[in-house]
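Undergrad: Here's a structure for you.
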Amino acid sequence: MARRLLYLSRMDDQAKANEQPALTDKNELRARARQEVSQGAVTRSYGADPEVVCEMLNEALATELLCSLRYKRHYFMATGLASEAVKAEFLEHAKQETEHADRLAERIVQLGGEPDFNPANIAGRSHAEYVEGSSLREMIYEDLVAERVAIQSYTEMLDFLHEKDPVTYDLVRGILATEQEHAEDMVSLLQGLPAADGH
Ligand SMILES: [Fe+2]
Ligand SMILES: [Fe+2]
């Protein structure tokens, strides 16, 4: 106990010197947690506006749902000699985009928001587009474009979330890493296609 008080007092001195907020006393932390329990996982130390973050995450959710649907369409429509490896990749990505959607929806609920799964809103809210593509090459190309859109938007989200919301930051960073792998997969598939495919 004495050690913690000393620690807090040193933190307080240091915070005054740096003009940064000190750590809150344990009893005050416990009291606040009880008083504001209706806010769930969102406490006073939360550094962002939860409504803004939920809106941002709902746009990402719409993007993931739309991308999953586009990959599914491409999976079923891919034909031709070169299509087997490509189909497997499309299907894997469709599943991973759905997993991303689930993780984003879970975080929206933790922040006190509501995940928007309304089909009427998905295309309007999504960053990426739903392009069917008429050949294997076009499908892969459109998926690469969509992955690049997702990478750009997740990178901007990380800039916004940095030092404000470490949990959402880590979630988005993990998803971003997968989107970068997806983009690389599409580049490899494009390079591996026979020159005559679809054109
Ligand atoms: Fe994704
Ligand atoms: Fe992706």
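We did not get these values from a lab; they are worked out from the coordinates using the rules stated. Bear in mind the structure is a predicted one, so any value in this text is a computation, not a measurement. Reconstructed Cβ throughout: ideal geometry from the backbone, glycine too, with neighbour counts over all protein chains shown.
Undergrad: Given a cut-off of under 8 Å on Cα pairs at least six residues apart, what relative contact order in percent is computed for the range 50-192?
TA: About 29 percent, as a whole number.
Undergrad: Might you report the magnitude of the Cβ-based charge dipole of the chain about its Cα centre, with Lys and Arg at +1 and Asp and Glu at -1, to the nearest 20 debye?
TA: The dipole magnitude comes to about 940 debye.
Undergrad: Provide the per-residue ³J(HN,Hα) series for the range 177-184, in order, calculated from phi with Karplus coefficients 6.51, -1.76, 1.60 and θ = phi - 60°, each as a whole number of Hz, with x at glycine and proline positions.
TA: For the range 177-184, the Karplus curve yields 4, 5, 5, 5, 5, 4, 4, 5 Hz.
Undergrad: Report the one residue of ILE151, PRO50, ASN121 whose Cα lies farthest in the direction of the positive end of the charge dipole of the chain (charges on C-beta: Lys and Arg +1, Asp and Glu -1; origin at the Cα centre).
TA: Going by the Cα projections, it comes out as PRO50.
Undergrad: By the gyration tensor of its Cα atoms, with a ≥ b ≥ c the square roots of the eigenvalues, what is the shape of the range 86-159: rounded for a/c under 1.5, prolate for a/b over b/c, or oblate?
TA: Here the range 86-159 falls in the prolate category.
Undergrad: Hey, another quick one. From the backbone phi of the range 62-77, what are the Karplus-calculated ³J(HN,Hα) couplings (6.51 cos²θ - 1.76 cosθ + 1.60, θ = phi - 60°) in whole Hz, Gly and Pro given as x?
TA: Working through the residues one at a time gives 4, 4, 5, 5, 5, 5, 5, 5, 5, 5, 4, 4, 5, 4, 6, 8 Hz.
Undergrad: Please report the net charge: other residues with Cβ closer than 9 Å to the Cβ of ALA78, K and R +1, D and E -1. Present the calculation step by step, with values, prior to reporting the outcome.
TA: Values: positive: LYS87; negative: GLU84.
Counting the neighbours of ALA78, the net charge comes to 0.
Undergrad: For a bin width of 10 Å, list the pair-distance distribution of the range 50-192 built from all Cα-Cα distances, rounded to whole %.
TA: Here the calculated profile for the range 50-192 is 12, 44, 30, 12, 2.
Undergrad: In whole Hz, with x marking every Gly and Pro, tabulate ³J(HN,Hα) for the range 163-168 from phi via Karplus 6.51 cos²θ - 1.76 cosθ + 1.60, θ = phi - 60°.
TA: So the Karplus estimates, Gly and Pro as x, are 6, 9, 8, x, 6, 5 Hz.
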